[in-house]
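Values in this text are rule-based calculations from the coordinates and carry no lab data. All of these numbers come straight from a predicted model, not from anything done at the bench. Note: ideal-geometry Cβ built from the backbone for every residue, glycine included; neighbour counts use all protein chains shown.
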Amino acid sequence: MHPFWILLVNSLAGSLVVAIGAWLAWDRLSPVGGGIVFAVAAGLLAWRGKTITTIWAWVTLLLGIESFLWPILTMQQLRASTAQPSDEQMGMLLSAALTGILSAAFWLAFSYGLFKRSATPTVESVADTLPPARASSRKKR
């Protein structure tokens with residue numbers, strides 16, 4: 001088991017990654033909004049992250065959700081700015097949709113693998129639960 005301060009440092013680093021991802025996904029995110037995202041992510045990671053693997057599994061899950069929401073937010077920004085988008089705006093929307101869907105699929109698959117890895121027992125914990133090996137009852141001749 002890792003010391004608490006190592007888990008705390010990983011939680012803070014992961015929440016910083018999530019806050020930067022939110023800032024990249026939402027162009028209009030204020031510093032206060034980024035701080036709120038950072039604080040909520042840090043609280044979630046400190047609460048749910050019992051190991052380093054689960055902390056980063058939650059971080060990659062949140063990045064996958066942010067990547068999935070990015071094209072949706074881009075569509076809403078275009079809809080709010082103009083009634084009929086230009087060809088350049090449509091190209092930007094297509095680029096955001098393709099990049100967002102592909103990166104969301106990557107981060108969600110990576111998160112799934114980390115969650116699956118964190119659910120399996122480690123070699124150390126398996127070795128602790130096994131009974132000690134018995135000496136052979138056969139005598140050497």
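Would you be so kind as to identify which of Met1, Ala57, Phe106 lies farthest towards the positive end of the dipole of the chain, taking Lys and Arg as +1 and Asp and Glu as -1 on Cβ and the Cα centre as origin? Going by the Cα projections, it comes out as Met1. Counting neighbouring Cβ atoms within 10 Å and putting the fewest first, the residues Val59, Val37 line up as Val37, Val59. Comparing Gly21, Gly91, Gly33 in a Gaussian network model of the chain (Cα springs below 10 Å), the most mobile by mean-square fluctuation is Gly91.
Which value does Rg/Rh take for region 4-117 over its C-alpha atoms, Rh per Kirkwood? When Rh is taken as the Kirkwood radius, the ratio is 1.06.
Estimated from helical segments only, the mean residue ellipticity of the chain at 222 nm is -27000 deg cm²/dmol, where each DSSP H run of four or more residues counts as -39500 (n - 2.57). Would you mind checking the tilt of helix 4-25 against the longest principal axis of the Cα atoms of the chain, expressed as 0 to 90 degrees and rounded to 10? Tilt relative to the chain: about 20 degrees.
Pairs of Cα atoms nearer than 8 Å and 6+ residues apart set the relative contact order; for region 4-117 it is 30 percent.
Among Thr60, Thr82, Thr51, the order by Cβ neighbours within 10 angstrom, fewest to most, reads Thr82, Thr51, Thr60. Put in order of Cβ neighbour count within 10 Å, fewest first, the listed residues Ile52, Ile6 become Ile6, Ile52. Projecting the Cα atoms of Pro85, Thr74, Ala119 onto the charge dipole of the chain, computed from C-beta unit charges around the Cα centre, puts Ala119 farthest toward the positive end. Computed from point charges on the beta carbon alone (+1 for Lys and Arg, -1 for Asp and Glu), the dipole magnitude for the chain about its Cα centre is near 1440 Debye.
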